[in-house]
Amino acid sequence: MRGDAMDPRVGRLLEVHPHGLTTAHLHRAGVSDTVIRSQVAAGVLLRLRREVLVDRRVWEASPPWERHRLRALAVAGSLTSLGTEPGQVALSHRSGLVVQDLDVHGSDDEVHGSRVGCGRGHRSGGLWVHAPVPPGQVTDQDGIPVVRPALASLQEAVVHGAECGLVAADSALRVGAATPEELRSLVDLSCLRRDRPAARLVADLADGSRESAGESRTAWLLHLLDIEVECQVEIYGPAGWLVARSDFRIKGTNVLLEFDGRVKYDDRDVLMAEKVREDRLRELGYEVVRLTWADLATPGLVRAKIRQALARASLRRPA
């Protein structure tokens, strides 16, 4: 039904602008407001803002983080003030991060931008324009001005909390898009005054050795639980062979923590390899606590699991 309902001009424009259309794009192609409304009613287009539309089929097939990317790119295409000159707007916060293919946590239906150098912020119609950032903190991503990853990660912490900021900052460090020194040097910028303690905390905790958003969220939970850990610890057997590389080890103990983001194991060989690995670690005197996405939402359960593992470890001989 959708294929039959699509206006050929709209189909062609969606090929040219896969991340979204504006009413200006459509009007330039001779598509009237009446046709636009009919395409929305037929389920061909989805209106994100008054003047911003996307392919509904692509939108509905996309996970939340990809939807934010589509929304950000579509809205960016509608902004006449988008650029790197003073007073113009660059994508920032979570919107700047997803456009640069960096990890984010949580959902947000607003597109975030920041003034460049000067100008006032505003918030309306799904677009939140924030306080100015220094021009030197703006870069180009496929023709779209975006705030650089280090500052965008701290902005994310300021608006969405330190956990979200840590996921983003770890991602940026992991791929070499930021450095720890850069994060620390930006904390005192005026654009972060809304919640500077959150930005400072992210700059202190960010660690590029964590390998996924799940590990970053695990590190955040361990911080809240006041549990000190070492990251990416290599465990060797008596003969000097590497047995495993563990996500976390509680300092001063033989308790290892592993984040497992897989909902289930479809591959039996992978499942068996994991079992053999954990059995070998236990033979060496280690206790292994495996955490899942669901566990991260229940801090009390995680604390209990860790306490039980610490109790078991105390009864073992040192490895």
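The amide H of ALA244, built 1.01 Å from its N in the peptide plane, has ILE235 as neighbours under 5 Å, considering only residues 5 or more places off or on other chains. Once you mark the chymotrypsin sites (Phe, Trp or Tyr not before Pro) that are in a DSSP loop and have at most 15 other Cβ atoms within 10 Å, what is the longest gap between them in the chain? Counting only loop sites that pass the neighbour cut-off, the longest clear stretch is 1-240. In angstrom, the C-alpha Rg and Dmax of the stretch 158-231 are 11.7, 33.
Rounded to the nearest whole Hz, the Karplus-based 3J(HN,Hα) values (6.51 cos²θ - 1.76 cosθ + 1.60, θ = phi - 60°) of the stretch 185-194 follow the sequence 6, 9, 4, 8, 4, 5, 5, 9, 5, 4, with x at glycine and proline. Close amide H partners of SER209, meaning residues 5 or more places away or on another chain with modelled amide H under 5 Å apart, do not exist here.
Would you mind computing the Rg to Rh ratio of the chain from its alpha-carbon coordinates, Kirkwood style for Rh?
On the way: Rg = 23.7 Å, Rh = 22.0 Å.
Radius of gyration over Kirkwood radius for the chain works out to 1.08.
To make sure I understand, if each residue's beta carbon is the centre and we count other beta carbons within 10 Å, what order do CYS231, CYS191, CYS118 fall in, fewest to most?
Fewest-to-most Cβ neighbours within 10 Å comes out as CYS118, CYS231, CYS191.
Among VAL147, VAL104, VAL44, the largest mean-square fluctuation in a Gaussian network model of the chain, built with springs joining Cα atoms closer than 10 Å, belongs to VAL44. Considering Cα pairs under 8 angstrom that are at least six residues apart, work out the relative contact order of the chain and quote it in whole percent. Relative CO of the chain lands at 9 percent. Between SER209 and LEU315, residue separation times 0.36 nm minus the direct Cα-Cα distance comes to 35.1 nm. Put a dot 7 Å past the Cα of ALA41, heading toward its Cβ, do the same for ALA29, and the two dots end up 2.0 nm apart. Near GLU258, the amide H atoms lying under 5 Å from its own belong to VAL289, ARG290, LEU291; only residues 5 or more places off or on other chains count, and H is placed 1.01 Å from N.
Read-outs: derived from the displayed coordinates by stated rules, not from any lab. Values in this document were obtained by computation on a predicted structure and should not be read as measured data. Cβ atoms come from the backbone with ideal geometry, glycine included; neighbour counts cover every protein chain shown.
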